[in-house]
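What follows is a short report on a single structure.
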Amino acid sequence: MSTQDEAKKRAAERAVEMVSDGQIIGLGTGSTSRFAIEALGRRVASGLQIRGVATSEATAQMARGLGISMNGLNEVPAVDLTIDGADEIDSDFNMIKGGGGALTREKLVALASRRRVYIVDETKLVERLGEGWPVPVEVLPFAWPQVEAKITALGGEPQLRMRGDRVFETDNENYILDCRFKGIPEPAELEKSLKLISGVVECGLFIGIADVLIIGWPDRVEVREHP
């Protein structure tokens, strides 16, 4: 296991310590979240009773395989705690998410949650969002060229996400435009502008959502609460 993966695993296991018996847990998508799901699976095998709500079909399949009872978001009154990763996060806990293509379901599960915990390794910490990672924008296939033009007018450089020689499709059967902005000075304003474009389903800017950030370092874990 690489040093980076060890840091992710350490952060994920610390997050899973926050889970209590009987809770409904939102399960994120991506490499860091997989470590958390594996840790939850071990706790379930030892007697922990929880229900999970997945942010992607891949996460749901993995969780079921580890013995975690799963429900859809519409089948639960609320989510007690969501554990997810992030592609970038700044000092105000604003994030870019969606590298795995699950941004819409990730945001919906997060917004249905009483407490939201995000686990990262140190490489995900940035001073300003967007300098290293594009903003994923989920769009309707019917209108994606129109959305592409609107995002370009906002100063972005959108690129249709591909998987090999085919267009990548989300679990919602939509497309993703990965949009580079070369730094985002006002992420909340950009989120609003993107979501006002007709044909946009959701964008990967997560503003005012994270409650707790758990950072895995090579030699330690740091827990930060949103001020």
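Just so it is clear, none of the values below were taken in a lab; they were calculated from the coordinates. Note that this is a predicted model, so its numbers are computed, not measured. Don't worry about glycine lacking a Cβ; one is built from the backbone with ideal geometry, like all the others, and counts go over all protein chains shown.
Worth pointing out:
- If you plug the beta carbon distance of MET1 and SER198 into 1/(1 + (r/R0)^6) with R0 = 45 Å, you get a FRET efficiency near 0.50.
- Using R0 = 22 Å, the C-beta based FRET efficiency linking ASN74 and LEU154 works out to 0.10.
- Candidates GLU191, GLU106, GLU88: whichever shows maximal mean-square fluctuation once the chain is modelled as a Gaussian network with Cα springs under 10 Å: GLU191
- Considering only MET162, MET70, MET62, the Gaussian network model of the chain with Cα springs below 10 Å gives its largest mean-square fluctuation to MET162.
- The alpha carbon centroids of the range 182-199 and the range 1-50 are separated by 32 Å.
- Stokes-Einstein D (µm²/s) once Rh is taken as the Kirkwood radius of the chain over alpha-carbon pairs, at 20 °C in 1.002 mPa s: 121
- Cut-off 11 Å between beta-carbons: net charge of the residues surrounding THR123, Lys and Arg +1, Asp and Glu -1: -2
- nm² value of the averaged projected area, convex hull over the Cα atoms of the range 135-201: 4.5
- Applying the Karplus relation 6.51 cos²θ - 1.76 cosθ + 1.60 with θ = phi - 60° to the range 156-172 yields 3J(HN,Hα) values of x, 10, x, 9, 5, 6, 10, 10, x, 9, 10, 5, 5, 10, 6, 4, 8 Hz, where x marks Gly and Pro.
- Cα shape, the range 7-127, gyration tensor, a/c 1.5 rule: prolate
- Using a Förster distance of 35 Å, the FRET efficiency for HIS226-PHE168 (Cβ separation, nearest 0.05): 0.65
- Listed by chain and number, the lysines placed with their C-alpha closer than 22 angstrom to that of LYS107 are LYS8, LYS97, LYS124, LYS192, LYS195; residues fewer than eight positions away on the same chain are left out.
- Counted by Cβ distance under 11 Å from ILE151, the other residues give a net charge of -1, where Lys and Arg count +1 and Asp and Glu count -1.
- The sum of -39500 (n - 2.57) across all DSSP H runs of n ≥ 4, divided by the residue count of the chain, sets its helix-only mean residue ellipticity at 222 nm to -9000 deg cm²/dmol.
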